[in-house]
Amino acid sequence: MLTMKSIPAFHDNYIWLIQGPDNRCVVVDPGDATPVLTRLREDALTLEAILITHHHHDHVGGISELKRAFPSCNIVGPGSEAIPGLTQSVEDGDQIDIFGERFMVLSVPGHTAGHIAYVGDGKLFCGDTLFSAGCGRLFEGTPAQMYNSLQKLAALPDETEVFCAHEYTSSNLAFALVAEQDNPHLQRYREEVSQRRARGISTIPSNMGQEKRINPFLRCDQPSIKKAVADKAFNDSDLETFAALRRWKDIF
């Protein structure tokens with residue numbers, strides 16, 4: 001099992017650090033180099049690779065400075081997006097090795113057109129596709145793309161740890177509790193999250209089993225969610241339920 005550490009960045013981003021043997025490490029979506037370099041110095045770590053999920057600046061902004069500090073560092077990311085300094089282009093179905101663990105690349109368009117995720121060692125790095133109790137905005141993709149991407153992630157084992165890129169859980173829960181106010185799992189999760197945030201503790205990682213119980217965007221087949229968007233949806237298909245839910249969240 002790989003050792004995971006979070007590096008907070010900006011207001012609510014998480015840069016994930018995967019620590020391997022011999023003080024080597026990999027980071028995921030480093031939007032800012034400064035906190036990463038600080039952590040690497042403090043822990044005497046050598047940066048071996050950077051994994052990128054999509055092209056937004058708060059995920060790629062630190063690449064150039066990190067590459068200057070670690071010139072042999074491998075930059076892995078979606079070939080269909082403009083990723084600065086990309087050295088290894090990957091797409092759906094590709095596999096990469098992280099300290100002896102095999103990670104599969106999943107295409108998960110929706111938030112951006114070329115967004116990818118990495119899954120392996122019981123861990124999912126999903127960028128801005130899936131959040132705890134929420135999902136990413138549709139900046140470049142369609143509702144159908146994001147719905148299908150989320151369905152792909154929901155098919156992963158329940159114990160899969162979800163390492164998303166933002167601490168959005170509390171605000172996502174405010175919406176989720178309006179969309180499905182009688183969900184007892186959601187009510188319990190709200191209490192847990194409130195306690196954690198009050199103590200300054202991260203709510204991430206979540207896990208896929210939890211998300212399927214509490215995340216409205218993964219529950220579009222449920223009568224409770226369909227009822228919540230009945231006056232906003234054009235029909236009662238799961239896809240239109242998702243689309244209506246996402247439109248609602250955009251103005252919530």
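If you fit an axis through the alpha-carbon atoms of helix 169-179 and take the longest principal axis of the Cα set of the chain, what angle between them do you get, 0 to 90°, nearest 10? For helix 169-179, the angle is close to 20 degrees.
Share of antiparallel DSSP beta bridges in the chain, in percent to the nearest 5? For the chain, the DSSP antiparallel bridge percentage is about 65. Considering all C-alpha pairs of the chain, those separated by over 33 Å amount to 18%. Take 222-229, 128-135, 166-173, 189-196 and order them by the average number of nearby Cβ atoms within 10 Å per residue, most first; the result is 128-135, 166-173, 222-229, 189-196. Ordering M146, M1 from the fewest to the most neighbouring beta carbons within 10 Å gives M1, M146. Less than 29 Å apart at the alpha-carbon level, and either on another chain or at least 8 residues along: which lysines does that give for K232? Cα-Cα hits under 29 Å: K152, K212, K249. Contact order for the chain, expressed relative to its length and based on alpha carbon pairs under 8 Å spaced 6+ residues apart, stands at 13 percent. Principal-axis analysis of the Cα atoms of the chain puts helix 238-250 at an angle of about 70° to the longest axis. As a proxy for reagent exposure, ranking I201, I96, I214, I83 by other Cβ atoms within 10 Å from fewest up yields I201, I96, I83, I214. Look at where the Cα atoms of segment 1-65 and of segment 189-252 average out, and the two centres are 29 Å apart.
Read the figures in this text as sums done on the coordinates, not as results from a lab. These figures come from a predicted structure and were not determined experimentally. A quick note on method: Cβ atoms are made from the backbone with ideal geometry, for glycine too, and the neighbour counts reach across all protein chains shown.
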